[in-house]
Amino acid sequence: MLGRTRSRPAPPRLLLGLSLAVGLFSSPAAAQQPDPSDRTVELAPTPHRVASLGLSIRPPLGARVQAQQLGQAEASLVVFAPDGSWRLLIREARTSDAALTPLKAAQELLKQLQAARAVRDARTNQIRGSSVQTLAEPQAMELAGLPAARFYAAVPKLNEAPVVSGYTLVQSAPGRFIVAELDCLLADYDRVRPVYEQVLDTLVVDDPAEAEAARAAVVLAGEQLLASLDQEALKALLPKAPLWWRHYVPAAGDAPERERGYQRIEVRIGQRGELDPRRPKARWSVEDREYGFLASAIGRFLDGERIVDSQSLFFLSFDRSREAWVVRMTVRQGDRRANWTETGVREGDDIKVTADQPGSTPLLKHWKKPPQAYLSQVEVYLLPRILASKGVEASFGFYRYVSALNDIALRRDTLTRLTDDAEAHWLLETRTSEDAGLTRMTLREDGSPLRRVLPDGSVMEPITLEALKALWRRKGLPLS
């Protein structure tokens with residue numbers, strides 16, 4: 001059996017853990033087979049790559065593509081049709097059965113799909129069939145030069161039109177499969193099937209051994225970098241003063257510059273009790289009085305009519321064996337207000353994070369610290385200075401907790417020396433997770449920042465508090 005790969009509820013024992021449509025479907029008729037030669041959809045000229053899945057595809061031109069990284073293990077790529085008539089979900093599934101072939105896996109998946117929608121005799125309660133209509137039986141094939149199998153089935157939904165689920169399973173290694181699931185209405189099947197197959201014909205899959213070797217190399221570089229640091233080295237890299245960032249969208253055509261937000265970053269020596277500014281120092285515990293490294297990130301972000309205020313505070317013990325953090329975010333829109341809080345604690349190798357979101361029960365998650373290249377929350381803010389201080393042009397990999405993912409993910413940083421800029425000495429290129437867009441930051445020789453270009457094209461630049469206030473007041477924007 002392959003491992004669970006979908007988070008939404010699924011029928012019991014479902015192979016690959018893929019959820020299936022439910023309901024009743026009567027008198028299935030043979031579906032017309034689409035013409036494989038009808039492949040006229042224009043595809044995007046540039047492949048869309050998902051590093052965490054080790055693959056790339058060319059989606060239809062105009063399709064909406066979402067890559068999601070769910071921590072170290074789970075990732076997915078979702079492609080939505082330009083007209084919204086179908087969805088393609090691609091993710092990886094694993095099994096302990098190294099002998100399982102794509103065809104056998106597809107056959108078992110279809111059987112379980114049929115069993116989940118079994119039709120029973122009203123008098124005897126015996127199973128007499130299934131409400132699932134098989135449109136194309138599982139067939140072995142080759143895709144991206146790898147063993148694969150594919151089938152299509154119409155799954156009934158109560159009081160709704162039947163939905164077609166198409167499954168393509170590609171074996172990337174023994175016990176490892178890339179699963180590409182198509183969802184569309186039965187009425188659109190003849191038109192959509194050739195598009196689905198056309199897109200999957202562009203699939204390129206990395207060699208898992210080569211990808212793992214490349215990942216291991218950057219993680220080793222990250223581990224060696226962190227191992228070369230001690231308490232005194234980190235103290236020497238602390239900035240002399242807080243840094244204010246201006247965040248804006250550059251002018252383009254007739255559109256002027258547009259402010260997105262601002263942020264204040266500070267890294268200094270501090271005490272753990274400072275994580276809760278509301279608690280008087282007289283009420284601090286012995287634990288609260290511990291000294292270590294303290295990082296703070298306080299900012300405001302404008303999102304249309306919404307104003308998002310955030311305060312993030314991070315503590316790291318001098319010996320780097322303990323850390324704690326609190327992230328608070330408030331979203332305001334008119335008279336409405338919503339608060340979100342995250343608290344994290346690491347004691348040695350044990351990491352616990354609690355996320356408290358509006359309208360939901362607080363979620364507590366546990367992890368073991370990755371054995372190599374673990375980057376604390378405080379060290380994230382010192383990393384440009386750390387890399388510049390070593391002066392090594394190379395790629396580094398680090399595992400760190402990412403609030404946006406509520407999980408631990410691998411980030412990659414590449415440092416390159418610049419020779420054609422009078423002020424900038426370094427270019428630091430970062431992916432905060434394997435599927436995140438590329439962030440480019442130029443640095444002075446000591447690692448202090450000059451400019452940061454985010455994946456969406458927006459820009460962050462250092463600014464004085466006085467200049468920031470004057471800018472926002474001139475534009476009539478709400479200062480906190």
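List pairs: first in segment 149-173 and closer than 29 Å to SER96 by Cα, second among the basic types (Lys, Arg) and part of a strand (DSSP E or B), Cβ under 9 Å, 6+ apart or cross-chain?
Filtered contacts from segment 149-173: GLY166/ARG150; TYR167/ARG150; THR168/ARG150; LEU169/ARG150.
Checking the conditions here, which among VAL331, VAL326, VAL378, VAL345 is in contact (Cβ under 8 Å) with a residue 12 or more places away in the chain, of a type in the set (Val, Ile, Thr) and over 20 Å from GLU290 (Cβ atoms)?
Among VAL331, VAL326, VAL378, VAL345, only VAL331 is in contact (Cβ under 8 Å) with a residue 12 or more places away in the chain, of a type in the set (Val, Ile, Thr) and over 20 Å from GLU290 (Cβ atoms).
Say we look at segment 197-218 and pick out the residues that are assigned to a loop (DSSP other than H, G, I, E, B) and in contact with a strand residue (DSSP E or B) (Cβ under 7 Å, 6 or more places away or on another chain); which of these is surrounded by the fewest Cβ atoms within 10 Å (Cβ to Cβ)?
THR202
Yes/no per residue for (1) part of a strand (DSSP E or B); (2) at positive phi; (3) more than 31 Å from the chain's Cα centre (by Cα):
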site	(1), (2), (3)
LEU53	no, no, no
GLN66	yes, no, no
VAL79	yes, no, no
GLN112	no, no, no
GLN139	yes, no, yes
ALA149	yes, no, no
PRO156	yes, no, yes
ALA161	yes, no, yes
GLY166	yes, no, no
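For segment 234-264, what are the residues that are within 20 Å of LEU375 (Cβ to Cβ) and either free of Cβ contacts under 8 Å to residues at least 24 places away in the same chain or loosely packed, with under 13 Cβ neighbours inside 10 Å (or both)?
Scanning segment 234-264 gives LYS235, ALA236.
Please enumerate the residues belonging to segment 173-183 that are surrounded by fewer than 22 Cβ atoms within 10 Å (Cβ to Cβ) and touching a helix residue (DSSP H, G or I) at 6+ places or on another chain (Cβ under 8 Å).
Across segment 173-183, the qualifying residues are ALA173, ARG176.
Answer yes or no: is there a residue in segment 456-472 that is part of a strand (DSSP E or B), more than 19 Å from the chain's Cα centre (by Cα) and under 27 Å from ALA227 (Cα atoms).
The answer is no; no qualifying residue exists.
What tally of residues in segment 449-480 results from selecting those that are in contact with a helix residue (DSSP H, G or I) (Cβ under 7 Å, 6 or more places away or on another chain) and assigned by TED's automatic domain parsing to the domain that holds ALA388?
Of the residues in that region, 1 qualify.
Which pairs have Cβ atoms under 7 Å, sit 6 or more apart or on different chains, and link a residue in segment 197-223 that is within 12 Å of SER395 (Cβ to Cβ) to one that is of a type in the set (S, T, N, Q) and surrounded by fewer than 17 Cβ atoms within 10 Å (Cβ to Cβ)?
Pairs that qualify, where the first residue is within 12 Å of SER395 (Cβ to Cβ) and the partner is of a type in the set (S, T, N, Q) and surrounded by fewer than 17 Cβ atoms within 10 Å (Cβ to Cβ), are VAL218/SER395; VAL219/GLN372; ALA221/SER395.
Is it true that GLU393 is surrounded by fewer than 13 Cβ atoms within 10 Å (Cβ to Cβ), more than 23 Å from the chain's Cα centre (by Cα) and within 25 Å of ALA51 (Cβ to Cβ)?
For GLU393, the condition - surrounded by fewer than 13 Cβ atoms within 10 Å (Cβ to Cβ), more than 23 Å from the chain's Cα centre (by Cα) and within 25 Å of ALA51 (Cβ to Cβ) - is met.
Name the single residue, out of those in segment 272-303 being in a strand (DSSP E or B) and surrounded by fewer than 16 Cβ atoms within 10 Å (Cβ to Cβ), that is modelled with the lowest pLDDT.
Filtering segment 272-303 for residues that are in a strand (DSSP E or B) and surrounded by fewer than 16 Cβ atoms within 10 Å (Cβ to Cβ), the one modelled with the lowest pLDDT comes out as ASP303.
Scan segment 256-268 and give yes if some residue there is part of a loop (DSSP other than H, G, I, E, B) and either modelled with pLDDT of 95 or more or not aliphatic (A, V, I, L, M) (or both), otherwise no.
yes
Could you please find all residues in segment 219-232 being touching a helix residue (DSSP H, G or I) at 6+ places or on another chain (Cβ under 8 Å) and loosely packed, with under 13 Cβ neighbours inside 10 Å?
The answer is SER228, and nothing else.
Could you check segment 113-138 and list, in sequence order, the residues that are within 22 Å of PRO162 (Cβ to Cβ), surrounded by fewer than 19 Cβ atoms within 10 Å (Cβ to Cβ) and not aliphatic (A, V, I, L, M)?
Selection gives ARG120, ARG128, GLY129, THR134, GLU137.
Here's a check for you: in segment 408-451, which residue that is in a loop (DSSP other than H, G, I, E, B) and within 24 Å of TYR374 (Cβ to Cβ) is modelled with the highest pLDDT?
GLY447
Got a number for residues in segment 167-210 being more than 25 Å from VAL155 (Cβ to Cβ) and among the hydroxyl-bearing types (Ser, Thr, Tyr)?
Residues in segment 167-210 being more than 25 Å from VAL155 (Cβ to Cβ) and among the hydroxyl-bearing types (Ser, Thr, Tyr): 2 in total.
It is to be established whether one or more residues within segment 235-248 are modelled with pLDDT of 95 or more, in a helix (DSSP H, G or I) and under 29 Å from the mean Cα position of the chain (by Cα).
The answer is no, given that none of the residues of segment 235-248 is modelled with pLDDT of 95 or more, in a helix (DSSP H, G or I) and under 29 Å from the mean Cα position of the chain (by Cα).
Looking at the structure I just gave you, is THR354 buried (at least 16 other Cβ atoms within 10 Å of the Cβ), within 22 Å of the chain's Cα centre (by Cα) and assigned by TED's automatic domain parsing to the domain that holds LEU294?
No.
Residues of segment 432-448 being free of Cβ contacts under 8 Å to residues at least 40 places away in the same chain, of a type outside the set (Val, Ile, Thr) and buried (at least 20 other Cβ atoms within 10 Å of the Cβ), which ones?
Matches in segment 432-448: none.
Sort through GLN224, GLN263 and tell me the only one that's farther than 30 Å from LEU55 by Cβ and of a type outside the set (Ser, Thr, Tyr).
Exactly one residue qualifies, and that residue is GLN263.
The values are calculated or read from the model by the stated rules, or taken from the named source; none is laboratory data. Keep in mind that what you see is a predicted model, and the values were worked out from it rather than measured. All Cβ positions, glycine included, derive from the backbone under ideal geometry; neighbour counts span all protein chains shown.
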